[in-house]
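These notes are about the structure you will find just below.
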Amino acid sequence: MLRRHHTLETEGKKLQSETERLVLRPLQNEDYNRWFEGCRDRLPSQYKYDNNKIDLSGWTQQKFNEDVVSKFKGYADRDKVYVFGVFRKSDQKQVGKVEIETIIRDEFQWGLLGYTIHNQFWRNGYGKEAVKEALNIAFKNLEFHRVEAHINIDNEPSLKLAKSVGMEFECIRKGFIFEFDEWTDNIVYFMNSK
């Protein structure tokens, strides 16, 4: 059975990448002000799956270093979750984040994709650009073979984004995730390494 464990230190995985307009990379302590500003400047919720504004009271530099930067680095070191801040090249603003979570390694090399773009940056194509590059990182640098997106059946913007980056519809998983106080269905989109 093939067993792999990816760590930043021991395998030196390339966890930073650039597109035409964006930089994807793990968050660093120096990103506190950009992170804070991105969260602070969110618009009111635009629809059901748009997270409300984040309560930033108590979010000091130290709390950010410990609860975001160190925590995310620990997840990546254990090959659990890779969280990429998405930064706009033109002004270094953090426009959102993309995550690749390990579901299982061994003979599967199977991951899960998640993405959030702050709603003040919507309708600029940043989501598509960031997700497309995150999938490249997942396949080329993190050696996943399959990446899935699990999407609520009525989350039209997320479904549209998954299709736009070339992910394929696979199925509807019934009663798949417990949220909104009930077991809800998810649509599964996937992409395999080429």
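The values are calculated or read from the model by the stated rules, or taken from the named source; none is laboratory data. The structure displayed is predicted, hence computed values, not measured ones. Because the Cβ atoms are built from the backbone with ideal geometry, glycine has one as well, and the counts that use them run over all protein chains shown. Remember, those area values only see protein heavy atoms, side chains included, never the ligands or the DNA or RNA. Shrake-Rupley method; radii C 1.70, N 1.55, O 1.52, S 1.80 Å.
Within the stretch 147-167, being over 23 Å from E18 (Cα atoms), open to solvent by less than 20 Å² (accessible area, probe 1.4 Å) and part of a helix (DSSP H, G or I) holds for one residue alone: L159. For the stretch 168-190, indicate whether the set of residues that are open to solvent by less than 40 Å² (accessible area, probe 1.4 Å) and not in a strand (DSSP E or B) is non-empty. Scanning the stretch 168-190, I find no residue that is open to solvent by less than 40 Å² (accessible area, probe 1.4 Å) and not in a strand (DSSP E or B), so the answer is no. With respect to the conditions (1) without any contact (Cβ under 8 Å) to a residue 40 or more places away in the chain; (2) surrounded by fewer than 20 Cβ atoms within 10 Å (Cβ to Cβ), K194 lacks only one, and its number is (1). Within the stretch 103-121, is there a residue that is within 12 Å of the chain's Cα centre (by Cα) and acidic (D, E)? Within the stretch 103-121, not a single residue is within 12 Å of the chain's Cα centre (by Cα) and acidic (D, E).
Being free of Cβ contacts under 8 Å to residues at least 12 places away in the same chain and either open to solvent by 60 Å² or more (accessible area, probe 1.4 Å) or in contact with a Leu (Cβ under 6 Å, 6 or more places away or on another chain) (or both) is a property that does not hold for P26. Would you please name the residue that is surrounded by the fewest Cβ atoms within 10 Å (Cβ to Cβ), looking only at residues in the stretch 88-102 that are touching a residue at least 60 places away in the same chain (Cβ under 8 Å) and in contact with a helix residue (DSSP H, G or I) (Cβ under 7 Å, 6 or more places away or on another chain)? My answer is Q94.
Beta carbons closer than 8 Å, at least 6 apart along the sequence or on distinct chains, pair a first residue in the stretch 53-64 that is farther than 15 Å from N33 by Cβ with a second that is surrounded by fewer than 11 Cβ atoms within 10 Å (Cβ to Cβ) for K53/P44.
Quick check on the stretch 144-155. Is at least one of its residues more than 25 Å from L15 (Cα to Cα) and out of contact with any Ser or Thr (no Cβ under 9 Å at 6 or more places or on another chain)? Yes, because at least one residue in the stretch 144-155 is more than 25 Å from L15 (Cα to Cα) and out of contact with any Ser or Thr (no Cβ under 9 Å at 6 or more places or on another chain). Does F144 qualify as being at pLDDT 95 or above and assigned to a loop (DSSP other than H, G, I, E, B)? Answer is yes for this residue.
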